[in-house]
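The values are calculated or read from the model by the stated rules, or taken from the named source; none is laboratory data. This is a predicted model, so every value here is computed, not measured. Here Cβ is always computed from backbone atoms with ideal geometry, including for glycine, and neighbour counts include all displayed protein chains.
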Amino acid sequence: MIIKTFKYFTIFFTILFLVAVPGKSNAKEKSDRPVQIVRVLSEKATVRKNEDFQINVQYNVSDSTKTIGIGLQIHYDSSCFELINFECYDIKIISNPLLKDDEENDDNDDRTDKLFIAAWLDLSKSWPLNKDVPFNLMTLNFRVKLQALRSKSFINVIETSHDHTYDCQLENYELSILDTLLGDINIDGLINLKDIVETINFLSD
């Protein structure tokens, strides 16, 4: 029922947002428009297996004005990363955020297989409410899987819909993946007394 409701909202949302702008379209007209900007950011460029890390999805707009909203999909490789939890800016969000399989390869990246969907709609063109830009639209907390085989992986963002009077600029994020730390015997991402105890227990067996 949730998935069906989300699909109806997405169809309605897309029709509203993707109405063609009157007049002849050309590169100059497009470049003169203000821009909705979405960046995938993190404090870490390198992560280790079994390590937790945070991804922030930052929203900005080039003219610092309010818009009608935006719809986004965040794509990732579930063979490398496990989504632990998330937080979303919830004012004018049109449905519960949804995690699903990346069946249609919307980001044109065969390496990603999961996507996280969220969308915001404000017909009064006052979005975001009570927020100055830029701000974190979403925060996603991941854990690197021990069995991750890739040395690099991307967190990709695509827009499913945006304010039709704006262009949209998107920035993905690349992470390098390292093996666990040398000496991290219990593979918890730390080197401490627990590793010594684990080693002693192993040798005494």
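Close contacts from region 87-109, counting a first residue that is closer than 22 Å to S124 by Cα and a second that is assigned to a loop (DSSP other than H, G, I, E, B), with Cβ to Cβ under 6 Å and a gap of 6+ residues or different chains, come to C88/P97; I91/L129; K92/D122. If the condition is being surrounded by 18 or more Cβ atoms within 10 Å (Cβ to Cβ), under 18 Å from S176 (Cβ atoms) and among the aliphatic types (A, V, I, L, M), then region 37-56 contributes V40, V47, I55. Please determine whether any residue of region 72-89 is part of a loop (DSSP other than H, G, I, E, B) and more than 20 Å from S42 (Cα to Cα). Checking region 72-89: not a single residue is part of a loop (DSSP other than H, G, I, E, B) and more than 20 Å from S42 (Cα to Cα).
Is it the case that D63 is charged (D, E, K, R), within 30 Å of L178 (Cα to Cα) and out of contact with any helix residue (DSSP H, G or I) (no Cβ under 6 Å at 6 or more places or on another chain)? For D63, the condition - charged (D, E, K, R), within 30 Å of L178 (Cα to Cα) and out of contact with any helix residue (DSSP H, G or I) (no Cβ under 6 Å at 6 or more places or on another chain) - is not met.
The residues listed here are I158, I117; of these, the one that is buried (at least 17 other Cβ atoms within 10 Å of the Cβ), modelled with pLDDT of 95 or more and farther than 25 Å from D32 by Cα is I117.
Looking at region 117-182, the strands (runs of 3 or more DSSP E) lying wholly inside it that each contain 1 or more residues that are in contact with a helix residue (DSSP H, G or I) (Cβ under 9 Å, 6 or more places away or on another chain) and either more than 22 Å from I91 (Cα to Cα) or without any contact (Cβ under 8 Å) to a residue 12 or more places away in the chain (or both) sit at 167-171.
For region 66-112, the candidate set comprises residues that are more than 20 Å from N172 (Cα to Cα) and hydroxyl-bearing (S, T, Y); within that set, the residue that is surrounded by the fewest Cβ atoms within 10 Å (Cβ to Cβ) is S95.
The one condition from (1) in contact (Cβ under 8 Å) with a residue 24 or more places away in the chain; (2) of a type outside the set (A, V, I, L, M, F, W, C); (3) surrounded by fewer than 20 Cβ atoms within 10 Å (Cβ to Cβ) that Y59 does not meet is (3). Looking only at residues in region 129-168 that are under 16 Å from S62 (Cβ atoms) and among the aromatic types (F, W, Y), the one that is farthest from the chain's Cα centre (by Cα) is Y166.
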